[in-house]
Amino acid sequence: MTSPRWTKIARDLWLARGRMLMMVAAIAAGVAGVGTLLDAYTVLTREVNRNYMDTRPASASLEVDAIDDALLAQVRALPGIAAAEARATGQARVQSPGGQWYGMKVFVVPDFRAMGISRFFPNSGAWPAPDGAILLEREAAAMLDAKDGATLQVKDGEGQSHAVVLAGTVHDPSLAPAGQEQAAYTYMTPATAAALGDIHLQAILKIMVAGDPMSEQSITRIAGQTASWLRARGHTVHAIYVPPPGKHPHQGQMSGMLLMLLMFGVLALVVSAILSATMVNAMLAQQVRQIGVMKTVGARSWQIARLYLGAVAASAVLACAIGIPLGAVAGDALTGAVARLLNFTLASRAAPHWVYLVQFAAGTLVPLAFTLPPVRRASRITVRAAIDDTGVGNKDFGRHRIDALLGRVRGVDRTLLLALRNMFRRRGRLLLTVGLLATAGALFIASLDVTAAWKRNIAMSADERHYDLEVALNHAQDAAAVMPLLRGLPGVRAVEAWDTVAASRARADGQSIERTYPDGGHGSLDLRAAPAGSTMLALPVLEGRWLAPGSGDEIVLNPGARARFPEARVGQPLMVDVEGRAIRLQVVGMVREILSPAQGFVSPRALALAGGLPEGQVALLRVALDRHDTASRAGAAALVERRLEQAGVGVRRVITESALDTALNGHVFILIFNLVAISVVMALVGVLGLGSSMATAVVERTREIGIMRAIGARGPTLMRNILGEGLATAGLSWVAAVLLSLPLSAALGDFLGRASFGMPLPFVVSPMASALWLALVLAGALMAGYLPARRAAALPVRVALAHA
């Protein structure tokens, strides 16, 4: 037989089914949010590691003069070497079927079937690559919009065009996605590479170390020993590359993004738990007399508390039953979207079992924790206080300073003043409701602020660059002969030489070891020659000063380079290694350069002294145009390339500012989409809380409404009173939300920026975000208060006065 107490609570839940369904929906939304992000985080973290490690990434790559089978066999026999293979890399350009030219990173593989290091996998078409044809990484094929069997035009280092067949595609998860880097990754045999002319081929010795393959120290030591061994036998080692062991190029960015989104998901669950407390508090406010009756017939405080907590627990379990599957479906969709963005193949989409246990525990325990204080307070009320309860605290009404202050206000509609005074009658509930709306609003505003900060970051990065094209030449040329060729072109405003040379930290053993990934971009450190009086780059100086004209030993560090040299200080020397030669440079300044690889800026003279191009020679040009739209940049790029080729100057690549913007935006699309989605959930939960509070306030004041009707108050007056209270509550919560969003936006921007790019995002306060939340919360207040106000206005006087 069912206990009367549980029959009572079941009846209460049924009578308040609309409100309880709102609570279940809110908790389910919070559980689904946590589940979505926790599911995506665990699966993607596992799968990115599996994808990357399945390629068996080389512990180190050595750029050498030549490798033959005999040398390779000797390297494999060296102590500490577990495996070694010979490859080659090169640079060329490829034209898409649509006519656009892209830089092409060439990977030459002697035997596709015997790859044991830096593997990639067949995706479509031929395998292995036949002689005379190429394979494209699948994301590069999508970027070019090239299909298997298509004939592509490839330009070599001398500007000669070669027709080559696309035999198929491969999947190489060790590289950053081609679309984000705006580079086509191409795989071919040595015979095909030889037929493509001068594509700057460089022999690469890839090694896997024995012992501890995840120890950067061990890898660096063995790679250095191998380089010394090669040099002792007359070979030239141009560079040693040791990327972070076992870490995908975009793993840090992905983890930072998902961690921040997970934080938002947890906060969404907290907001839904606050909503639960608001609704339970509203139910308790209506049942104070019933609690008194139960105590009169012998109920103990803990028994009463157990009843209401049991109701909350049942609602939370139901919410988990809804939210956990929804979170799993949404998490699977998010996982797939990020996997496509970062070019993964998901072997398994299944999240660990503990993820669902955490969701269930959070979905039940967090709401219980937030509802415990009001339940505990209500269950401990004395019998006399419970029986004497009239629904609204009239004993202290009018005595509070706020009431006295409002009582002295003149010249304002008295109905609206009454609405304001009513708002403060239940100050505890007001605090809970305002806290709920403020928390939801702060998260909503902060998410849009962080989104705006990302966009501001990209815009600031574009504002720092005052050029439209970057043109890399195949070979160094006489600057006095090449630069006039471009300055005379229509639409060209200025041309400058910005040459660069790869560098690394100087080591005590004299080895030149770089942290660059095989794509040649991620992890790189460059010294870049900044022409005196340049107008192409406007970087804010954070410390010290910019380069003095003609200086031969000065360097200015950007944030990426500063991270490589954390000990660097303005006014102190810095030792940099360029191809095994230690260079001493004086740090004179630190600059802000957003979303840029690690770079140290030096004068052309310093670059020449460091082993770069002699002064007067140029291999990298930056071009500023009169017009800056995408079409003008694309047209100018084609014109520049044609003009240089007519003069016999080979072009390695041309990067437009528009293509760079596309690459940067590709890094943040998923983040922005999910932040906006979470902000919508926040807004929904907040409005639900306000609706619950308004409905409770109207029920509590039913008798008062009856008295107002009896002395002549009309329906529109009552509606204006109730809606005014809701709007005032919403306005107060908006002020609190804006104030709370400021430190939240700053903290989230700092965390996400450092996790993704090593420097905090700019602190952005988006007026649009605050205005949008104000509009939403006011509209929500009107919608939340309309039905209770309409019911109150239509309630007959007799029924209202008889309300208990």
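Report the calculated FRET efficiency for residue 377 and residue 7 (r = Cβ-Cβ distance, R0 = 41 Å), to the nearest 0.05. Before the final figure, lay out the partial values.
Working: r = 25 Å, r/R0 = 0.60.
About 0.95, to the nearest 0.05.
Calculate the FRET efficiency for residue 229 and residue 463 from the Cβ-Cβ distance with a Förster distance of 60 Å, rounded to the nearest 0.05. Display every interim value, and only then the final one.
On the way: r = 49 Å, r/R0 = 0.82.
The pair residue 229/residue 463 has a calculated efficiency of 0.75.
Could you calculate the contour length gain from residue 50 to residue 163, that is, 0.36 nm times the residue separation minus the distance between their Cα atoms, to one decimal place in nm?
Numbers: separation 113, 0.36 × 113 = 40.68 nm, distance 3.67 nm.
Gain on extension, residue 50 to residue 163, equals 37.0 nm.
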Inset, instruction - Report, by chain and number, residues whose modeled amide H sits under 5 Å from the one on residue 67, excluding near sequence neighbours (fewer than 5 apart, same chain). - result: none
Inset, instruction - Would you work out the relative contact order for region 114-174, in percent, from Cα pairs under 8 angstrom that are 6 or more residues apart? - result: 48
Legend entry - Solvent-accessible area, 1.4 Å probe, carbon plus sulfur percent, for region 180-228: 54
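What FRET efficiency comes out for residue 782 versus residue 535 if R0 is 51 angstrom and r is the Cβ-Cβ distance? Round to the nearest 0.05. The partial results should precede the final answer.
Details: r = 54 Å, r/R0 = 1.06.
The computed FRET efficiency comes out at 0.40.
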Inset, instruction - Give me the distance in nm between label points sitting 7 Å out from Cα along the Cα-to-Cβ direction at residue 221 and residue 707, one decimal. - result: 8.6
Inset, instruction - Please list, or write none, the aspartates and glutamates whose alpha carbon is within less than 15 Å of the alpha carbon of residue 295, excluding same-chain residues fewer than 8 places away. - result: 388, 389
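Which links in 147/247; 206/247; 147/206; 105/206 stretch past 21 Å when you go from one Cα to the other? Write down the numbers at each step before the final one.
Working: 147/247 31 Å; 206/247 17 Å; 147/206 31 Å; 105/206 17 Å.
Flagged as over cut-off: 147/247; 147/206.
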Legend entry - Whole-percent pair-distance distribution, where bins are 5 Å wide, for the alpha carbons of region 17-149: 2, 7, 11, 14, 13, 12, 10, 8, 6, 5, 4, 3, 3, 2, 1, 0, 0
Inset, instruction - Can you work out the PRE-style zone for residue 77? Point 7 Å along Cα to Cβ, and I want the residues of region 202-228 with backbone N under 17 Å. - result: 226
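What is region 86-197 by shape, rounded, prolate or oblate, if you read a ≥ b ≥ c off the alpha carbon gyration tensor as root eigenvalues and call it rounded for a/c under 1.5, prolate for a/b larger than b/c, and oblate otherwise?
Working: a/c = 1.42, a/b = 1.18, b/c = 1.21.
The shape class here is rounded.
Looking only at Cα atoms, what is the convex hull volume of region 469-591 per residue, in Å³?
Numbers: hull volume 17.0 nm³, N = 123.
For region 469-591, the hull spanned by Cα atoms encloses 138 Å³ per residue.
The values are calculated or read from the model by the stated rules, or taken from the named source; none is laboratory data. All figures in this text were calculated on a predicted structure; none of them were measured in a lab. Backbone-built Cβ (ideal geometry, glycine too); neighbour counts: all protein chains shown. These accessible areas exclude ligands, DNA and RNA; they are computed on the full protein's heavy atoms, side chains included. Shrake-Rupley method; radii C 1.70, N 1.55, O 1.52, S 1.80 Å.
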